Amino acid sequence: MTEEESEKSYRSGLPGFLGAIDTAISKIESVILAMGVLLMALNTVTNVIARFVFGNSIMFSGELNRILIIMITFAGIGYAARHGRHIRMSAIYDALPVGGRKALMIGIAFLTSLVMFFLLYYSVVYILDLYSKGRVLPSLGLPVWIIYIWVPMGFLITGIQYMLTAIKNLTTRDVYLSTGVVDGYKDTETEV
């Protein structure tokens, strides 16, 4: 199975209830990301056609793309964590023996999870502040706080994903970058 196929048919490496949660979140993220990118492309193309054919842009197009960018960004951080696609600075990590890498990965995943939950808290505080001010988007007329709902959802999903990664590393022998990605480098050379 190729890497692309494994991402399309993601199944959590976690047992029982945790695996079911992980798989369900993965499917929701995939739908959000796919729909967000497709809607953004459709909105942008439609706006360009409207501008050149009719001489006027769609007035809410910029606001809609802003909403979709926020949605894609914060749904994407959980997706990146789930598939081990996050940026790693691994010089010290790579120099450690397997036991040290495992301990470091547990610490990194747990600490990152705590940071995500911390950011979740402050993003909720920020949204409540926006809500209290009653601001609305000029073209769509939506309350501004609604477009930022994706921020705490993204932090929540990412925090859960890193916590599950820490649990996965605590319960298995291998070192995992995420619940489904074992640590290691792929050999890019083909055998002759």
query: Between L114 and L142, what length comes free when the chain is fully extended (0.36 nm per residue of separation minus the Cα-Cα distance, one decimal in nm)?
result: 6.9 nm
- prompt: Hey, if you drop one equal point scatterer on each alpha-carbon of segment 124-180 and run the Debye formula without solvent, what base-10 log of I(q)/I(0) do you get at q = 0.12, 0.23, 0.26, 0.29 Å⁻¹?
  reply: -0.47, -0.84, -0.96, -1.06
- prompt: Give me the log10 of I(q) over I(0) for segment 15-171 at q = 0.14, 0.17 Å⁻¹, as the Debye formula computes it from C-alpha points; what are the numbers?
  reply: -0.82, -1.04
Heavy atoms of I69: accessible area, 1.4 Å probe, square angstrom to 10: 90 Å²
- prompt: When the accessible area of segment 15-171 is computed with all protein chains present and a 1.4 Å probe, what percentage of it is carbon and sulfur?
  reply: 77 percent
- line: For segment 127-142, in residue order, the Karplus 3J(HN,Hα) values (coefficients 6.51, -1.76, 1.60; θ = phi - 60°; whole Hz; Gly and Pro = x) are 5, 5, 5, 4, 4, 5, 7, x, 5, 10, 6, x, 8, 7, x, 7
query: With θ set to phi - 60° and the Karplus curve 6.51 cos²θ - 1.76 cosθ + 1.60, what are the ³J(HN,Hα) couplings of segment 107-114 in order, to the nearest whole Hz, using x for Gly and Pro?
result: x, 4, 5, 5, 5, 4, 4, 4
task: Would you please name the trypsin sites (Lys or Arg not before Pro) within segment 37-89 that are DSSP coil residues with at most 15 other C-beta atoms within 10 Å of their C-beta?
output: R85, R88
- prompt: Ranked from highest to lowest mean number of other Cβ atoms within 10 Å per residue, what is the order of the peptides 38-48, 115-125, 161-171?
  reply: 161-171, 115-125, 38-48
- line: Accessible-area order for K102, K27, largest to smallest, probe 1.4 angstrom, reads K27, K102
message: Suppose the chain between L42 and K27 were pulled fully straight at 0.36 nm per residue; how much longer would it get relative to their current alpha carbon spacing?
response: 3.2 nm
field: Dimensionless Rg over Rh [segment 45-102; C-alpha; Kirkwood]
entry: 1.40
- line: For A103 and A34, extending 7 Å from Cα along the Cα-Cβ vector and measuring point to point gives, in nm, a value of 4.3 nm
- prompt: Counting only the heavy atoms of the protein chains, how much of S132 is accessible to a 1.4 Å probe, in Å² to the nearest 10?
  reply: 90 Å²
task: Multiply the residue separation of S57 and S90 by 0.36 nm, subtract the distance between their alpha-carbon atoms, and state the gained length in nm to one decimal.
output: 7.2 nm
field: 1.4 Å probe accessible area per residue over the chain, in Å²
entry: 62 Å²
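The values are calculated or read from the model by the stated rules, or taken from the named source; none is laboratory data. If you're wondering where the values come from, they're calculated on a predicted model, not measured in any experiment. Methodologically, a virtual Cβ is constructed for each residue, glycine included, from the backbone with ideal geometry; neighbour enumeration extends over all protein chains shown. These area figures cover heavy atoms from the full protein model, side chains too; ligands, DNA and RNA do not enter into them. Shrake-Rupley method; radii C 1.70, N 1.55, O 1.52, S 1.80 Å.
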